[in-house]
1. Might you check whether a residue that is polar (S, T, N, Q) and modelled with pLDDT of 50 or more occurs anywhere in region 472-485?
2. When you scan region 63-75, do you find a residue that is modelled with pLDDT of 80 or more and out of contact with any strand residue (DSSP E or B) (no Cβ under 7 Å at 6 or more places or on another chain), even just one?
3. When you look at residue 323, is it assigned by TED's automatic domain parsing to the domain that holds residue 223, surrounded by fewer than 16 Cβ atoms within 10 Å (Cβ to Cβ) and polar (S, T, N, Q), yes or no?
4. If you check residue 307 against the conditions, is it of a type outside the set (A, V, I, L, M, F, W, C), free of Cβ contacts under 8 Å to residues at least 12 places away in the same chain and out of contact with any helix residue (DSSP H, G or I) (no Cβ under 6 Å at 6 or more places or on another chain)?
5. With the requirement that a residue be without any contact (Cβ under 8 Å) to a residue 40 or more places away in the chain, surrounded by fewer than 20 Cβ atoms within 10 Å (Cβ to Cβ) and not in a loop (DSSP other than H, G, I, E, B), what does region 552-578 give you?
6. Could you tell me which numbered condition residue 266 fails, if it satisfies all but one of (1) of a type in the set (S, T, N, Q); (2) surrounded by fewer than 17 Cβ atoms within 10 Å (Cβ to Cβ); (3) touching a Lys or Arg at 6+ places or on another chain (Cβ under 8 Å)?
7. Inspect all residues belonging to region 110-117 and state whether any of them is at pLDDT 90 or above and under 23 Å from residue 387 (Cβ atoms).
8. Which members of region 341-377 meet the condition of being closer than 21 Å to residue 248 by Cα, of a type in the set (A, V, I, L, M) and either over 20 Å from the mean Cα position of the chain (by Cα) or assigned to a loop (DSSP other than H, G, I, E, B) (or both)?
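The values are calculated or read from the model by the stated rules, or taken from the named source; none is laboratory data. Just so you know, these numbers come straight off a predicted model, no measurement behind them. All Cβ positions, even for glycine, are placed from backbone atoms using ideal geometry, and neighbour counts span all protein chains on display.
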Amino acid sequence: MRMSWWLPIARSGGIATQQAWRHGVGACSVPLVETTLVRTLRTSRIARRRAVEQKNLELLVKATAAKRVERPKPIPAVPSYIRVRDLAKMLKRPVEEVLKKVVTRRNRRLHMTLGMDRFEFKNVKQVILPFQLAEQVAAEFDTEISYDDVEPTFMTWPQRTVKQHKPEHVMQRNPVIAVMGHVDHGKTTLMDTLRGSNITKTEAHGITQKINICEAVLAPGLQATFLDTPGHFHFFRMRNNAAQVADLVLLIVAGDEGCLLQTEESIGAIEESRLPTIACINKVDITPKDQVDQVHKDLRSFVALQTCPVVEISAKTGENLDQLKQLIAEAMNSSAAQTKRAAYIGPDVPAQGIVLESIVMKGRGTVLRVLLKSGILKKQDHFVAGMIHGVVRSIRNADSGKELAHAVPGTIVDVMFANKSKTVDAPIEFGFFVLPEPRAKQVIEQRQLALDFAENVLSREETTSDSETEGIPRVQDAEITPVEDEEEDSDEFDENSGEWVAEDAPKSIVVKAEAAGSLASIQDTVDEMQGLNTVRIGIGHITARDIDVAINKDCPIFGFKVKLRHREQKLAKARGVRVVLRSTIHGLIEEIERFNGEEQS
């Protein structure tokens, strides 16, 4: 069957040919022609197919290239601040070419004018541009940029949005109640009675000097978190912070003393926050009825308290506390309060909260006390708070100290973390945001750029002193005459010595405190003192670095509820550094005022 195709050819060639084929002589002569013909035909078909494929491929490449040309290029996104070197890299331009658009050189410095502000940079690395200026520069190079707002914000959503989410993704968080009032009017005693504890005995001189946390059951299924705020006048900021994060305010007024200074300050915070309020007249067990009635009238004289409930209680004996719990429960179970307390815990929203306090704890380092507003906080979450980028290592209930696997909205927790940023300053009054690690790094970078940018602003004196400089674009030039210079000169002429005597420079101090809230309160008071400057502040015990700063600045160290360990004590004594430690904030403030008065005298 295989050789049938060449038999007719062999037969037509005669006997010799047939014999030759039989014996293999000349066996390839005729079939080779036929084989070559078949292979040629096959090769031609393959070649034609390949040519068609190649042509189709070329057409596809051309079509793809056309699409690439038609597709618009992505617009680069720029955050609030960007270094000029990074902008030049983005624009694919030399740095010097971009610099010429924004700065001028003088005395080996780079100068830039933005509105009414002038900036001075030492080198190219320091030149930072806000987005508005970067956008103008990019436009001059025919490049469009978009704004990328990396700063996280708190999640807000109206009531109609709540109903759109799955029920398991929305929960009613515990209400947060701020307890406010004058010092020694019974706020902490009320917390002790509600919780069955005894915080008062652990506080120095029986005075609250930080925000205490208390969790108590008000009604079946309703547990509230109380913020016991300090009543001393130095803690004004701490009281305001508590009012800003609370759902309701309990105003405690002692019946035997009535409305005093810090009571009025607390009422001012209530007016500003517009929070629902319940006024409590405390110590009715030891106060005459007519005196209690007078306090009731005094409370009604304030606009913010004219319609709020007023209940007469005794925090010590527990009188009328059930009535107080019922009033709080009714206020928190209203439809408006429930809408406000609705918190989202779905998987697409990370945890968000507010840093109430920063504390240095033995064996734990810096611990952030956080009130969660939404989301679920878990271990290993990356977060930003102020200038800190951290990773959650452990979560503990701020009231009981019990370690938690996770935390839900409405709870106040102590967060121990691993610091991933260079900053070690403890934050307070800052949002607490859980973010992906790359975004967290970008947020901290932007916040640092904002600080660096602000540091390069020239003071008004520096700006006006260079007003005659040529070559620097200015929005408004002003010349300072010699007469004005003399009026602004702070030096005094001593007629006895016949010499100019410079005015005393501000005196310096170093301040350390147990917690960031107390430190902020001390700093607020020091800022109001004339001729006093804080060169270093921080939380935690006094360190060798604090003593080094005190040596360089020739100033004392003031500490509130911190320790001076043996090694640092020897160093301070050897170098002649004065260290003042106090357990009450008013005692420390008195020492600072005494030092300032001594220096001025």
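1. Kept after step one, since they are polar (S, T, N, Q), are these residues of region 472-485: 476, 481.
Keeping just the survivors that are modelled with pLDDT of 50 or more gives none.
No; the residues of region 472-485 include none that is polar (S, T, N, Q) and modelled with pLDDT of 50 or more.
2. Of the residues in region 63-75, the ones modelled with pLDDT of 80 or more are 74-75.
This time we only want the ones that are out of contact with any strand residue (DSSP E or B) (no Cβ under 7 Å at 6 or more places or on another chain), so: 74.
Looking for residues that are modelled with pLDDT of 80 or more and out of contact with any strand residue (DSSP E or B) (no Cβ under 7 Å at 6 or more places or on another chain), one finds at least one in region 63-75, hence yes.
3. On the way: assigned by TED's automatic domain parsing to the domain that holds residue 223: yes; surrounded by fewer than 16 Cβ atoms within 10 Å (Cβ to Cβ): yes; polar (S, T, N, Q): yes.
The answer is yes for residue 323.
4. The answer is yes for residue 307.
5. Those that are without any contact (Cβ under 8 Å) to a residue 40 or more places away in the chain, surrounded by fewer than 20 Cβ atoms within 10 Å (Cβ to Cβ) and not in a loop (DSSP other than H, G, I, E, B): 552, 566, 567, 569, 570, 571, 573, 574, 575.
6. Failed condition: (2).
7. no
8. Hits for region 341-377 are 342, 343.
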